[in-house]
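Colleague: Here it is, the structure in full.
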Amino acid sequence: MTFCKCLRSVFFPGLCLFLFTLPASVARADIATLTIGAPNTAMTCCTGPYATVQIDRVDATHAVITFASDTNGDFIYLIGASGAADLNVNGSYALGGVTESNSLAGFTSKFKDNKPGEAAGFGKFNLSLDNSGGFTDSATRVSFTITNTSGAWPSASRVLTPNRGGFEAAVHVFACAEPGCSTSSRAFKTGFSANDPPTNVPEPAGAVLLASSMIGVLMRRRSVRVPKTEIRR
């Protein structure tokens, strides 16, 4: 068996197996990330970014949203109070259960309700989550599911849409000095921040395209006959 024939006998079945298993393993990944780094006047004192928002599109009508606070400079930025986590959702939606947590000891993160409204300096958002209290009820992580009730989202980057101010997400944060932030310490500043331009995590379509192209090349090579060199005696 020549090297080329051996390569075809091993490579071609393996490539087919790869394509067959790919959709079940990685093809569903569709994630976009927003960096919350644009401060309003109250937060210009403190270095951002202040938080990140991850949009994980589970399917055409469901997305899991996760707000996570950041630590920068000398501060950790805790998410809380009224308008704690704000989004401008693309289309009508239904809000699922909201879970909050704080990585620092002693904080009692408590979600209260959803009251769409203004995030100071960044316009109105059609989803705005309030916490039940202030600094001591703040969170380092806020997560929830939204369901599209008016259509479908073709990608994670289309789950949100800019409001009239051009922003898709915002947070109300408390700047708490680190190290040493605790429920007994006071917030240095509190204010709002909105998103910088979004960053998308690409789907693995490129891998599928590459593998398909390789199959095409291989099939083409198999269909072309290479003439044998005539040996004269």
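The values are calculated or read from the model by the stated rules, or taken from the named source; none is laboratory data. Treat the numbers as computed from the prediction; the structure is a model and nothing was measured. In this analysis, Cβ positions are derived from the backbone assuming ideal geometry, glycine residues included, and neighbour counts consider all displayed protein chains.
Colleague: Output the residue which, of all residues in the range 46-61 that are crowded, with 16+ Cβ neighbours inside 10 Å and under 14 Å from the mean Cα position of the chain (by Cα), is farthest from SER185 (Cα to Cα).
Modeller: Filtering first and then ranking leaves ARG57.
Colleague: Next question. Among the numbered criteria (1) more than 20 Å from ASP70 (Cβ to Cβ); (2) assigned to a loop (DSSP other than H, G, I, E, B); (3) polar (S, T, N, Q), which one does SER109 miss?
Modeller: (1)
Colleague: Would you confirm whether any residue within the range 69-79 is small (Gly, Ala, Ser), within 23 Å of the chain's Cα centre (by Cα) and in the same structural domain as ALA38 (by TED's automatic domain parsing)?
Modeller: Within the range 69-79, one or more residues are small (Gly, Ala, Ser), within 23 Å of the chain's Cα centre (by Cα) and in the same structural domain as ALA38 (by TED's automatic domain parsing).
Colleague: What's the number of the only condition in (1) at pLDDT below 95; (2) farther than 22 Å from LEU34 by Cβ; (3) part of a loop (DSSP other than H, G, I, E, B) that VAL208 fails to meet?
Modeller: The number of the failed condition is (3).
Colleague: Confirm whether PRO198 is under 24 Å from GLY83 (Cβ atoms), surrounded by 11 or more Cβ atoms within 10 Å (Cβ to Cβ) and modelled with pLDDT under 95.
Modeller: Yes; evaluated as a whole, the condition is true for this residue.
Quick grid of which residues meet (1) farther than 20 Å from LEU129 by Cβ; (2) modelled with pLDDT under 65; (3) of a type in the set (Asp, Glu); (4) surrounded by fewer than 17 Cβ atoms within 10 Å (Cβ to Cβ):
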residue: SER157; (1), (2), (3), (4): yes, no, no, no
residue: PHE167; (1), (2), (3), (4): no, no, no, no
residue: VAL173; (1), (2), (3), (4): no, no, no, no
residue: THR183; (1), (2), (3), (4): yes, no, no, yes
residue: SER212; (1), (2), (3), (4): yes, yes, no, yes
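Colleague: Here's a follow-up. Could you list, in sequence order, all residues of the range 97-111 that are surrounded by fewer than 15 Cβ atoms within 10 Å (Cβ to Cβ) and at negative phi?
Modeller: Scanning the range 97-111 gives GLY97, THR99, SER101, SER103, ALA105, THR108.
Colleague: Within the range 112-133, how many residues turn out to be part of a strand (DSSP E or B) and of a type in the set (Phe, Trp, Tyr)?
Modeller: Number satisfying all stated conditions: 1.
Colleague: For the range 34-43, does any single residue satisfy the condition of being free of Cβ contacts under 8 Å to residues at least 12 places away in the same chain, loosely packed, with under 15 Cβ neighbours inside 10 Å, among the hydroxyl-bearing types (Ser, Thr, Tyr) and in the same structural domain as THR145 (by TED's automatic domain parsing)?
Modeller: Looking through the range 34-43, none of the residues is free of Cβ contacts under 8 Å to residues at least 12 places away in the same chain, loosely packed, with under 15 Cβ neighbours inside 10 Å, among the hydroxyl-bearing types (Ser, Thr, Tyr) and in the same structural domain as THR145 (by TED's automatic domain parsing).
Colleague: Cβ-Cβ distance below 6 Å, separation of 6 or more or different chains: which pairs start in the range 137-162 with a residue that is in contact (Cβ under 8 Å) with a residue 40 or more places away in the chain and end on one that is part of a loop (DSSP other than H, G, I, E, B) and of a type in the set (Phe, Trp, Tyr)?
Modeller: Here the result reads VAL159/TRP153, each pair linking the range 137-162 to a residue that is part of a loop (DSSP other than H, G, I, E, B) and of a type in the set (Phe, Trp, Tyr).
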